[in-house]
Amino acid sequence: MLTFRLALKNILGAGLRTWLNVIVLSIAFVAIIGLQGIYQGMNRQALDAMTKMELGSGQFWHPEYDPYDPLSLEDSHGTIPENLKPIIAAGSATPILITPGTIYPNGRIQTITLKGIPPEQSIVGIPSKELKSNEDLPVVIGKRMAESAGLSKEDYITVRWRDANGTFDAADARIVGTFETIVQSADKGVFWLPLDKVQSMLEMPGQATLVVRGQDLTEPTEAGAWTFRDLHYLTRELRDLVQSKSIGGSIMFAMLLAMALLAIFDTQVLSLWRRRQEMGTMMALGMTRGMLIRLFTLEGAMHAVFAILLGAVYGIPLLTAFAKSGVGMPGSYDDFGIALGKTLYPSYGIGLVVVVTIIVFFAVTIVSYLPTRKIAKLEPTDALRGRMS
Amino acid sequence: MQNSSLIEIKDLLKSYPMGKGQFIALQDINLTFQEGEFAGLVGPSGSGKTTLLNIVGSLDSPTQGETTVLGKRISQLSQKEAAALRNHYIGFIFQTYNLLPVYNVYENVKLPLLLLKNLSSQEMDKMIRQALDWVGLTDKIKSKPAQLSGGECQRVAVARAMVKKPKIVLADEPTANLDAANSHNILQMMEQLNRELKTTFIFATHDEKVIKYLRRQISLNDGRVVADDIVQA
């Protein structure tokens, strides 16, 4: 308690020097939480959008299905397992049949993916109800797909595919609806068609490539040879991407924090140098070296306490406003391949604030302690003469 | 206490490494001090006054020989034991006052009491006000050292040394930065405290103003005691 009171008095007595350090450190503290909040928000927002748009609470995959191997797509389909049929019938899962196809917009060839989906389903976030059309081959596409192929609602487009026998076939499809989504994998290069039409086109009745499980189901369902892929597996790329961005961002925080820590280290070194006689006096009054080390370390560590308090004063309203208004994302960000949308809403969890607070506090304490190790060798007589032993 | 003397110095030698050899700062020192003495180590600069004062104050240790203060052998004290000895029984007064600039007068005087740890706030307050009353600074308790004159700073330093009523006060050139009037005020005050509280005062000085007040003069030259005289009042 004595050391604490003395340290508090000393640090407040140092005036402007203390407050400059505190301000720099508080900026680093708030910036770290702010930037980490952006990455957490990015992760949460993208995960939320992907879950609602196409992942559900997980997917059952045909054993041959490999989303990274388009050449195997034509073979990765099969009869929907019997165990999954009841949950599909109950509206808690929806089958999707996927096959490669080709369109010819404006006289050029464009490879696409045809995805058959039941029009009445409500698990995948596309407007599939628009597929309940009288058209021979109704199609729903996303805005990106529409832009890249120069298509709009009511347009006809020739679609070519290969059926189960390997025979090429073609038909004119009509765009019956368009939708906007931040999830590019449900939009770019994808034609959504009624499942029964696709099964008929491919001559694969009752078959699917995968089954998306609804968010109301959490218990595992036996699906025979089909593999259940949970959200952790399905979002691994997103997490890797956000993590790599986060690591890149961490370098910036590290630099920011290092600058603040350097200022504190410098202050500590200067303080030890300027206050040698004071240390000698303290020793003459009966203070031990250990008490002096604790006193000076605590003085340094108090910079962190003040910085955290100051950061809270302006950081809480600032970051709250930031989280409410969000950050406008540039158009080019859409090409990045991550479901962010036009506005990114940062997310500041308690865990993030606690972890950053602990990191800042311990980093400052360690940096404050390092120069004080000199005190361990300090002779009182040297200190009183203003010398360092 | 094991010895009847407050301080006993026997065959003291203090040397420092200097180049390839040794610099002898003190040698053949044999002295004893009793309770209530008002003594001074007198001699020119470099004679070893401050070194001897530092050894008596357990801030330094002898190279050879023995220095026993209040029954404790300085050379055998650990760093913590030496700090405890200073904390409980020894007060220091320095030439440059050595007041802590961020603390006010009251807080500077309070510091040795905080280190004692076993005093209540009320006891400390009473002791501080008494010490400030001795030195006539009760009206300046909120002032910072930068707002005080040199004489006032040294009076604060005296109050800080005396507040815990130590057995021994060691004063190193206490008047070197003071004018004649202030020097006399400070010395009269210390002499009065010495008489009233039976505190042993040992000065290191070459200031004639101080020497006039001493009741015992120990003259040092080149690290040796050349005279040890009791001065009749």
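The values are calculated or read from the model by the stated rules, or taken from the named source; none is laboratory data. These numbers were taken from a predicted model, which means no experiment stands behind them. Here the Cβ is made from the backbone with ideal geometry for all residues, glycine too, and neighbour counts use every protein chain on show.
A compact table of results
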{"read-out": "Boolean, A:L47 is touching a strand residue (DSSP E or B) at 6+ places or on another chain (Cβ under 7 Å), hydrophobic (A, V, I, L, M, F, W, C) and part of a helix (DSSP H, G or I)", "value": "no"}
{"read-out": "Scope the range B:73-92; condition touching a helix residue (DSSP H, G or I) at 6+ places or on another chain (Cβ under 9 Å) and within 10 Å of chain A (Cβ to nearest Cβ); matching residues", "value": "B:Q79, B:K80, B:A82, B:A83, B:L85, B:R86, B:N87, B:H88, B:I90, B:G91, B:F92"}
{"read-out": "Selection status of B:S47, more than 30 Å from B:A146 (Cβ to Cβ) and within 14 Å of another protein chain (Cβ to nearest Cβ)", "value": "no"}
{"read-out": "Of all residues making up the range A:130-181, the number that are buried (at least 19 other Cβ atoms within 10 Å of the Cβ) and part of a loop (DSSP other than H, G, I, E, B)", "value": "3"}
{"read-out": "Hits in the range A:265-280 (condition: crowded, with 18+ Cβ neighbours inside 10 Å and either within 13 Å of chain B (Cβ to nearest Cβ) or farther than 16 Å from A:Y369 by Cβ (or both))", "value": "A:S271, A:R275, A:R276, A:E278, A:M279, A:G280"}
{"read-out": "Pairs where the first residue, in the range B:118-147, is among the basic types (K, R) and the second is modelled with pLDDT of 95 or more, C-beta under 6 Å, 6+ apart", "value": "B:K140/B:V105"}
{"read-out": "Residue count for the range A:354-377, restricted to those that are surrounded by fewer than 21 Cβ atoms within 10 Å (Cβ to Cβ) and not aromatic (F, W, Y)", "value": "13"}
{"read-out": "Answer from A:I32, A:I23, A:I38 - the residue that is away from chain B (no Cβ under 14 Å), at pLDDT 85 or above, assigned to a helix (DSSP H, G or I) and in contact with a strand residue (DSSP E or B) (Cβ under 9 Å, 6 or more places away or on another chain)", "value": "A:I38"}
{"read-out": "Residue ranges of helices (runs of 4 or more DSSP H) in the range A:209-305 with at least 3 members at pLDDT below 80", "value": "A:236-274"}
{"read-out": "Which listed residue is more than 14 Å from chain A (Cβ to nearest Cβ), charged (D, E, K, R) and surrounded by fewer than 20 Cβ atoms within 10 Å (Cβ to Cβ), from B:K140, B:K117", "value": "B:K140"}
{"read-out": "Residue that is away from every other protein chain (no Cβ under 14 Å) and not acidic (D, E), where the choices are B:G36, B:G57", "value": "B:G36"}
{"read-out": "Among (1) touching a Gly at 6+ places or on another chain (Cβ under 8 Å); (2) loosely packed, with under 15 Cβ neighbours inside 10 Å; (3) closer than 18 Å to A:R174 by Cα; (4) not aromatic (F, W, Y), the one test that A:T113 misses", "value": "(2)"}
{"read-out": "Of all residues in the range A:281-306 being of a type in the set (S, T, Y) and within 14 Å of another protein chain (Cβ to nearest Cβ), the one that is surrounded by the most Cβ atoms within 10 Å (Cβ to Cβ)", "value": "A:T281"}
{"read-out": "Criterion (small (G, A, S) and crowded, with 18+ Cβ neighbours inside 10 Å) met by exactly one of B:S15, B:S47", "value": "B:S47"}
{"read-out": "Residue in the range A:306-313 that is at pLDDT below 90 and either in contact with a Gly (Cβ under 9 Å, 6 or more places away or on another chain) or part of a helix (DSSP H, G or I) (or both) present", "value": "no"}
{"read-out": "The range A:9-26 residues that are assigned by TED's automatic domain parsing to the domain that holds A:F253 and crowded, with 18+ Cβ neighbours inside 10 Å, paired with ones that are outside any helix (DSSP H, G or I) and not basic (K, R) (beta carbon under 6 Å, 6 or more apart)", "value": "A:N10/B:V102"}
{"read-out": "Neighbours by Cβ (under 9 Å, 6+ apart or cross-chain): first from the range B:210-233, of a type in the set (D, E); second exposed (fewer than 14 other Cβ atoms within 10 Å of the Cβ)", "value": "B:D222/B:G46"}
{"read-out": "Every residue from the range A:50-75 that is closer than 18 Å to A:V212 by Cα and assigned to a helix (DSSP H, G or I)", "value": "A:M50, A:T51, A:K52, A:M53, A:E54, A:L55, A:L73"}
{"read-out": "Residue ID - nearest to A:F296 (Cα to Cα), chosen from residues in the range A:332-380 that are at pLDDT below 85, part of a helix (DSSP H, G or I) and within 14 Å of chain B (Cβ to nearest Cβ)", "value": "A:I375"}
{"read-out": "Residue that is charged (D, E, K, R) and at pLDDT below 90, where the choices are B:K10, B:K20, B:K14", "value": "B:K20"}
{"read-out": "Wholly enclosed strands (runs of 3 or more DSSP E) of the range B:1-91 bearing at least 3 residues under 26 Å from B:L116 (Cα atoms)", "value": "B:64-69"}
{"read-out": "Positions within the range A:36-56 being surrounded by fewer than 18 Cβ atoms within 10 Å (Cβ to Cβ) and either small (G, A, S) or in contact (Cβ under 8 Å) with a residue 40 or more places away in the chain (or both), in sequence order", "value": "A:R44, A:K52"}
{"read-out": "Filtered residues of the range B:62-87 (kept if buried (at least 16 other Cβ atoms within 10 Å of the Cβ) and under 20 Å from B:N221 (Cα atoms))", "value": "B:P62, B:T63, B:G65, B:T67"}
{"read-out": "Any hit, the range B:218-225, residues being within 13 Å of B:E37 (Cα to Cα), out of contact with any helix residue (DSSP H, G or I) (no Cβ under 6 Å at 6 or more places or on another chain) and not β-branched (V, I, T)", "value": "no"}
{"read-out": "Candidates B:V102, B:V109 - the one that is within 14 Å of another protein chain (Cβ to nearest Cβ), part of a helix (DSSP H, G or I), under 25 Å from A:R274 (Cβ atoms) and touching a Lys or Arg at 6+ places or on another chain (Cβ under 8 Å)", "value": "B:V109"}
{"read-out": "The range B:1-12: number of residues that are in contact with a Leu (Cβ under 7 Å, 6 or more places away or on another chain) and either of a type in the set (S, T, N, Q) or surrounded by 15 or more Cβ atoms within 10 Å (Cβ to Cβ) (or both)", "value": "3"}
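Residues are listed down the side, and each one gets a yes or a no for (1) assigned to a helix (DSSP H, G or I); (2) in contact with a Lys or Arg (Cβ under 7 Å, 6 or more places away or on another chain); (3) of a type in the set (S, T, N, Q):
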residue	(1), (2), (3)
B:I128	yes, yes, no
B:L132	yes, no, no
B:S143	no, no, yes
B:C153	yes, no, no
B:V158	yes, no, no
B:A161	yes, no, no
B:K164	no, no, no
B:L170	no, no, no
B:A176	no, no, no
